[in-house]
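Asks: Structure incoming, see below.
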Amino acid sequence: MTNKKYFIGNWKMFGDFNSFKIIKKINQFCTNSKKYKVVLCVPNTLIHFFNKKLKFKNIYLGAQNCHHADTYGAYTGSVSAYMLKKTGAEYIILGHSENRQSGDTNSIIKKKIESSLKQKLNIIFCIGENLAERRNKKTLIVLRKQIKYCIEKKYNLNKIIIAYEPVWSIGTNKILKNKELEKIIRFIKKEYRDKFKTKSFPKVLYGGSVNQKNISQLSLVRELDGFLIGGASQSSKKFIDIIKNYYK
Ligand code: PGA
């Protein structure tokens with residue numbers, strides 16, 4: 001796995017064909033980047049279109065979720081990892097709290113991870129506690145469980161990046177203090193290495209209200225391997241400013 005920092009955009013339910021101008025600007029900005037890797041996880045309706053339109057690709061495209069079945073099936077409205085791979089997706093977000101809230105359990109997420117690994121997709125696996133769990137000081141227990149029930153040692157762990165996203169921080173402009181964030185990221189890395197007996201620590205990103213202002217403060221958290229950026233990734237200017245300010 002690379003030592004580059006990850007800047008991953010999660011467009012959520014946003015964008016149409018005209019949004020290619022956003023992708024185009026970000027792609028131009030990323031020319032020859034030796035320091036970081038940019039991935040944009042866009043709606044399924046746009047992956048193939050963007051992929052075809054980008055002549056020189058400095059960025060990677062990804063999806064935001066999938067159905068857990070391996071290929072095809074009677075699942076109205078759903079799309080499998082197999083189908084997403086064929087659109088040109090190279091990454092996939094799984095376990096996002098918005099999907100957990102609408103029914104994705106740890107065991108469903110685990111199946112999604114397995115079907116995505118079969119397609120050799122790179123997985124951005126989201127974990128995080130909600131506000132009640134945080135207030136009850138259950139954060140580390142929740143994170144440990146989410147890792148334990150979704151990942152197995154036998155998986156190709158090089159294909160899995162973890163995104164720590166406290167649910168209460170998503171889209172709220174509320175963000176952890178660096179000290180606490182450092183502690184949690186260290187916990188995740190150690191937990192993962194001890195549990196799966198890996199030689200190195202996993203890549204761990206932070207997500208939740210990351211913007212062009214707070215990125216300077218977040219850049220001081222040395223344990224972090226990058227960021228998962230929601231709202232601010234829908235604007236090329238904000239997204240590019242996040243990268244610029246990170247390296248200032
Ligand atoms: P946000 O979303 O940056 O808008 O808080 C992050 C995410 O949901 O991945």
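Asks: How long are the semi-axes of the ellipsoid equivalent to the stretch 175-241, from square roots of 5 times the Cα gyration tensor eigenvalues, in whole Å, largest first? Each step should come with its number before you reach the end.
Replies: Numbers: eigenvalues 131, 34, 15 Å².
Equivalent ellipsoid of the stretch 175-241: 26, 13, 9 Å, largest first.
Asks: Further, regarding this structure: Looking at the P(r) of the stretch 125-248, how many percent of alpha-carbon pairs lie beyond 16 Å?
Replies: Details: 4663 of 7626 pairs.
I get 61 percent for the Cα pairs in the stretch 125-248 exceeding 16 Å.
Asks: What net charge do the residues around K189 carry, taking every other residue with its C-beta under 10 Å from that of K189, with Lys and Arg at +1 and Asp and Glu at -1?
Replies: In short, 0.
Asks: Let me ask something additional. If the viscosity is 1.306 mPa s and the temperature 10 °C, what Stokes-Einstein diffusion coefficient in µm²/s follows for the stretch 1-87 when Rh is the Kirkwood radius over Cα pairs?
Replies: This corresponds to a translational diffusion coefficient of 113 µm²/s.
Asks: Now for a different question. Whole-Hz Karplus ³J(HN,Hα) for the stretch 202-210, in order, using 6.51 cos²θ - 1.76 cosθ + 1.60 and θ = phi - 60°, x for Gly and Pro?
Replies: So the Karplus estimates, Gly and Pro as x, are x, 7, 10, 9, 10, x, x, 6, 6 Hz.
Asks: With the full set of protein chains in place, find how many percent of the accessible area of the stretch 5-246 is carbon and sulfur; take the probe as 1.4 Å.
Replies: The nonpolar share, carbon plus sulfur, comes to 52 percent.
Asks: For n ≥ 4 DSSP H runs only, could you compute -39500 (n - 2.57) per run for the chain, divide by its residues and tell me the 222 nm figure to the nearest 500?
Replies: Using -39500 (n - 2.57) per qualifying helix, the result is -11000 deg cm²/dmol.
Asks: Given 37 °C and 0.692 mPa s, compute D for the chain with the Stokes-Einstein relation, Rh being the Kirkwood radius over Cα pairs; round to the nearest whole µm²/s. Present the calculation step by step, with values, prior to reporting the outcome.
Replies: Working: Rh = 18.2 Å.
Answer from the Stokes-Einstein relation: 181 µm²/s.
Asks: Beyond 12 Å, how much of the Cα-Cα pair distribution for the stretch 107-161 remains, as a whole percent?
Replies: Tail of the P(r) past 12 Å holds 67 percent of the pairs.
The values are calculated or read from the model by the stated rules, or taken from the named source; none is laboratory data. Keep in mind that what you see is a predicted model, and the values were worked out from it rather than measured. Cβ coordinates were reconstructed from backbone atoms using ideal geometry, including for glycine residues, and neighbour counts include every protein chain displayed. To get the accessible areas, we keep the full protein, side chains included, count just its heavy atoms, and leave off ligands, DNA and RNA. Shrake-Rupley method; radii C 1.70, N 1.55, O 1.52, S 1.80 Å.
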